[in-house]
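Peer 1: The structure follows.
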Amino acid sequence: MTSAMTLAETSFNFAYLDEDTKRMIRRAILKAVAVPGYQVPFASREMPMPYGWGTGGVQVTAACLMPEDVLKVIDQGADDTTNAVSIRKFFQRTSGVAVTERTAEASVIQTRHRIPEAALTEDQILVYQVPIPEPLRFLEPRETETRKMHELEEYGLMHVKLYEDIARHGTIATAYAYPVKVEGRYVMDPSPIPKFDNPKLSGNAALQLFGAGREARIYAVPPHTQVVSLDFDDHPFVASKADHACDICGSATSYLDEVITDDKGGRMFVCSDTDYCRGGQ
Amino acid sequence: MDLSHAPSLPILSVRDLVKTYGTRLGCGPISFDLYPGEVLGIVGESGSGKSTLLSCLAGHLAPDQGRVLWQGGDVLTLAEAARRRLLRSDWAYVHQNPRDGLRMGVSAGGNVGERLMGAGARHYGEIREKAEDWLGRVEIDPGRIDDKPRAFSGGMQQRLQIARNLVTGPKLVFMDEPTGGLDVSVQARLLDLLRGLVRQMGLSVIIVTHDLAVVRLLAHRLMVMKGGHVVEQGLTDQVLDDPQHAYTQLLVSSVLQV
Ligand SMILES: Nc1ncnc2c1ncn2[C@@H]1O[C@H](COP(=O)(O)OP(=O)(O)O)[C@@H](O)[C@H]1O
Ligand SMILES: [Mg+2]
């Protein structure tokens, strides 16, 4: 992110991107909202950071931000990782918006790998960073074919992936980026959130936007949209987490990270959502 | 099969089908009827238009003109979604090269189960049971259900492709040189297997081959192609034992020398 810091001295358009680009991205977002779960192509721009840093999410956030917004950025649930800190600083410099670590105070939350534990509201936008937007890519490398499959709702292949999982591991071992069907129509990759978070995708009051920079796709789950995790009748979806309570706040319901505490095998379980852990319980 | 007992309505009717590649004729015009439970062999030397015809029939290629009538409707005018659904349900297509018809990165069970899941099957145990049953029917040890096709021999891969296609009980199967790349002994076993399955399931089959021994064993009726045209057709034994067209006579005599 040093490039962003050196750029900080120069003057920017609000939220870095020029107005034409933001309008183009907003049009893609509107289309994505109108067709929940559908991947809308957009002209992804070079951002002053590597792709792996969530340039898709950053562009979506830039197109959504208003001067009065309050921004929160999390990575794996934490506000203080390098990735989250850098993106937060980037928007502070380029837009001057207020930032927060409190989920409840934020109007825009950019996230990688988690959905906050606290229930979101209709006044909030959750922006996901997406590395690979195409859920069928794993088994079908041809883009023309996966597009056709979405168009014609030919989703048998998605279950082949889950079948392979059970055949190999005895259970659906997919723990992240667990495929979902949105409003009974499009199959969608929810980005690498743990499957524990999948139920929160459904019926969420917030607007959920997904941005993939390298693959130049935007998709959306509008507020109060039904999102169903794919499964088999005899292997139903389970939103699993470590069978523990948080060793800091004691929460038995929040998603936990396992932390190694010493080199003698010591470990503890703590909330991955650091804001929830501080304020929770 | 005793064709005199066949129902009188064709399962598939092809009328005036033509496919060109620019100025070059691929095949046509071609017309024929296929009856339920009938195996139609299409033979002819390389470049005679066999694959072009089969691809047009199966919807892989768009012909320039003609009609392909299935259950009262013209398949060529179906919306793409409906056509693809037909290809996954009542129709099946066995490629010459099993790599073109299999998912090489997916286990044998997943390959066989795909059509079931595509048709809406959502019970893992039942899908697996069906896959095991079908592996057995094509003489693959069901214990290899979790192996990837690349661990299989060429003959096994071809049998797996057949299982993957037949698991949903199609009515019409297209086959393009299904025994093509295989050793002679492996071919014979595959032909036996195919003949048994065709009989048990009452399949209608259109099989393309340059190998007259294949059609002698499998096909009730033959169409002989040359330069994109059908030069002779009739019951297999009649055509092979008493060929009328000079080209067919040549084909038959060259196989007798083998
Ligand atoms: N994709 C193509 N483009 C141009 N010509 C083709 C193509 N495919 C086949 N042909 C031509 O069409 C004729 C029939 O070919 P094909 O159907 O492949 O015959 P067969 O399967 O009997 O060997 C040949 O003259 C061949 O060169
Ligand atoms: Mg050919």
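The values are calculated or read from the model by the stated rules, or taken from the named source; none is laboratory data. Predicted, not measured: the structure shown is a model, and the values here were computed from it. Methodologically, a virtual Cβ is constructed for each residue, glycine included, from the backbone with ideal geometry; neighbour enumeration extends over all protein chains shown. These accessible areas exclude ligands, DNA and RNA; they are computed on the full protein's heavy atoms, side chains included. Shrake-Rupley method; radii C 1.70, N 1.55, O 1.52, S 1.80 Å.
Peer 1: Using only alpha-carbon positions, what ratio does the radius of gyration of region B:182-223 give when scaled by 2.2 N^0.38 Å?
Peer 2: 1.13
Peer 1: Further question: Report, in deg cm²/dmol and to the nearest 500, the calculated mean residue ellipticity at 222 nm for chain A, where each DSSP H run with n ≥ 4 adds -39500 (n - 2.57) and the sum is divided by the residue count.
Peer 2: Mean residue ellipticity at 222 nm (helix-derived): -8000 deg cm²/dmol.
Peer 1: Here's something else I'd like to know. Interface A/B, total buried accessible area with a 1.4 Å probe, nearest 100 Å²?
Peer 2: What A and B bury together is about 1800 Å².
Peer 1: Looking only at trypsin sites (Lys or Arg not before Pro) in DSSP loops with at most 11 other Cβ atoms within 10 Å, what is the longest site-free stretch of chain A?
Peer 2: A:1-141
Peer 1: Relative to the compact globular guide of 2.2 N^0.38 Å, what is the alpha carbon radius of gyration of region A:231-281, as a ratio?
Peer 2: Working it through for region A:231-281, the quotient is 1.41.
Peer 1: Hey, another quick one. Can you tell me the Rg and Dmax of region B:32-85, counting just the alpha carbons, in angstroms?
Peer 2: Using the Cα atoms of region B:32-85, the pair Rg, Dmax is 12.4, 35 Å.
Peer 1: Positive end of the charge dipole of chain A (Lys, Arg +1 and Asp, Glu -1 on Cβ, about the Cα centre): tell me which of A:TYR276, A:THR171, A:ASN204 has its Cα farthest that way.
Peer 2: Of A:TYR276, A:THR171, A:ASN204, it is A:ASN204.
Peer 1: Given that compact globular proteins tend to follow 2.2 N^0.38 Å, what is the ratio of the alpha-carbon Rg of region B:4-48 to that value?
Peer 2: For region B:4-48, the normalised Cα radius of gyration is 1.46.
Peer 1: Tell me the Kirkwood hydrodynamic radius of the protein assembly as shown in angstroms, computed as one over the mean inverse distance between distinct C-alpha pairs.
Peer 2: 26.9
Peer 1: Could you work out the pair-distance distribution P(r) of region A:63-145 from its alpha-carbon pairs, with 5 angstrom bin width and percents rounded to whole numbers?
Peer 2: Distribution as computed: 3, 14, 24, 21, 13, 8, 7, 7, 3 percent.
Peer 1: I've got another one for you. Can you list, largest first and rounded to whole Å, the semi-axes you get for region A:18-75 by taking the square root of 5 times each eigenvalue of its Cα gyration tensor?
Peer 2: After diagonalising the Cα gyration tensor, the semi-axes are 18, 15, 13 Å.
Peer 1: Roughly how far apart, in whole Å, are the Cα centres of region A:223-270 and region B:49-89?
Peer 2: 50
Peer 1: Here is a follow-up. Positive end of the charge dipole of region A:30-137 (Lys, Arg +1 and Asp, Glu -1 on Cβ, about the Cα centre): tell me which of A:PRO50, A:GLN129, A:ILE109 has its Cα farthest that way.
Peer 2: Farthest along the dipole direction, towards plus: A:PRO50.
Peer 1: Please state the relative contact order of region B:1-127 as a whole percent: Cα pairs under 8 Å, 6+ residues apart?
Peer 2: Across region B:1-127, relative contact order equals 21 percent.
Peer 1: Grab every C-alpha pair in region B:99-178, bin the distances at 10 angstrom width from 0 up to the longest one, and report whole percents.
Peer 2: Reading the bins upward from 0: 20, 58, 22, 1.
Peer 1: Here is a further query. Among B:GLN233, B:GLY105, B:PRO36, whose Cα sits farthest toward the positive end of the charge dipole of chain B (+1 at Cβ of Lys/Arg, -1 at Cβ of Asp/Glu, about the Cα centre)?
Peer 2: With unit charges placed on the Cβ atoms, the residue in question is B:GLY105.
Peer 1: Also, quick follow-up: Quick one: if you take sqrt(5λ) for each eigenvalue of the C-alpha gyration tensor of region B:1-144, what semi-axes come out, biggest first, whole angstrom?
Peer 2: For region B:1-144, the semi-axes come out at 31, 19, 17 Å.
Peer 1: Still on this structure, please answer the following. Quote the Stokes-Einstein diffusion coefficient, in whole µm² s⁻¹, for region A:16-167, based on the Kirkwood radius over alpha carbon pairs, a temperature of 20 °C and a viscosity of 1.002 mPa s.
Peer 2: For these conditions, the coefficient is 126 µm²/s.
Peer 1: Show A:PHE237, A:PHE210 ordered by accessible area, largest first, where the area counts protein heavy atoms only and the probe is 1.4 Å.
Peer 2: Per-residue accessible area, sorted high to low, gives A:PHE237, A:PHE210.
Peer 1: Just to make sure I understand: if all protein chains stay in place, what is the order of A:GLU153, A:GLU140 by accessible area at 1.4 Å, largest first?
Peer 2: The most accessible residue leads, giving A:GLU153, A:GLU140.
Peer 1: Continuing with this model, one more query. Quick one: go through region B:174-198 and flag any residue whose amide nitrogen is under 19 Å from the point 7 Å out along the Cα-to-Cβ line of B:SER153.
Peer 2: Counting only backbone N, you get B:178-195.
Peer 1: Counting partner chain Cβ atoms within 10 Å of every residue's Cβ in B:113-122, what's the average?
Peer 2: Whole-number average of other-chain Cβ neighbours for B:113-122 is 5.
Peer 1: Principal axis extents for chain A, Cα atoms only, whole Å, descending order, please.
Peer 2: 58, 51, 35
Peer 1: If amide H atoms are built 1.01 Å from N in the plane of the peptide, which residues on other chains or at least 5 residues away come under 5 Å of the amide H of A:TYR128?
Peer 2: The list, which skips near neighbours in sequence, is A:THR111, A:LEU209, A:PHE210, A:GLY211.
Peer 1: Here's a follow-up. In region B:115-258, if every C-alpha pair distance is counted and binned at 10 Å from zero, what percent goes to each bin?
Peer 2: Per 10 Å bin, starting at 0, the Cα pair percentages come out as 10, 36, 30, 16, 7, 1.
Peer 1: Counting only helical runs of four or more DSSP H residues, what would the 222 nm mean residue ellipticity of chain B come to if each run contributes -39,500 (n - 2.57) and the total is spread over all its residues?
Peer 2: Result for chain B: -12000 deg cm²/dmol, rounded to the nearest 500.
Peer 1: I would also like to ask the following. How much of the calculated P(r) for region B:186-258 lies past 16 Å, in percent of all Cα pairs?
Peer 2: So the pairs more than 16 Å apart make up 51 percent of the total in region B:186-258.
Peer 1: Further question on the same structure: Over chain B, what per residue volume does the convex hull of the Cα atoms give, in whole Å³?
Peer 2: Cα convex hull per residue, to the nearest whole number: 132 Å³.
Peer 1: In whole Hz and in residue order, list the ³J(HN,Hα) couplings for region A:220-235 that follow from phi through the Karplus curve 6.51 cos²θ - 1.76 cosθ + 1.60, θ = phi - 60°; x for Gly and Pro.
Peer 2: With coefficients 6.51, -1.76 and 1.60, one gets 8, 10, x, x, 6, 9, 7, 10, 10, 7, 6, 6, 10, 4, 9, 9 Hz.
Peer 1: Can you give the mean number of other chain Cβ atoms that lie within 10 Å of the Cβ atoms in peptide B:203-212?
Peer 2: Across B:203-212, the average partner-chain Cβ count within 10 Å equals 0.
Peer 1: Largest first, please: the extent of the C-alpha atoms of region A:185-281 along each principal axis, to the nearest Å.
Peer 2: 48, 36, 29
Peer 1: Could you grab the Rg to Rh ratio for region B:86-144? Cα atoms only, Kirkwood for Rh.
Peer 2: Rg/Rh: 0.95.
Peer 1: Not counting ligands, DNA or RNA, and with a 1.4 Å probe, what is B:VAL75's accessible surface area in Å² rounded to the nearest 10?
Peer 2: Ignoring ligands and nucleic acids, B:VAL75 comes out at about 10 Å².
Peer 1: Also, quick follow-up: Nearest 20 debye, what's the magnitude of the dipole of the protein assembly as shown about its Cα centre given +1 on Lys and Arg Cβ and -1 on Asp and Glu Cβ?
Peer 2: The calculated dipole for the protein assembly as shown is roughly 780 debye.
Peer 1: Related question: With +1 on each Lys and Arg Cβ and -1 on each Asp and Glu Cβ, how big is the dipole of region B:140-248 about its Cα centre, in debye rounded to the nearest 20?
Peer 2: In debye, rounded to 20, region B:140-248 gives about 380.
Peer 1: Let me ask you something else. Using the crude model of +1 on Lys and Arg Cβ and -1 on Asp and Glu Cβ, and no other charge, please compute the dipole size for chain B relative to its Cα centre, in debye to 20.
Peer 2: That gives chain B a dipole magnitude of about 740 debye.
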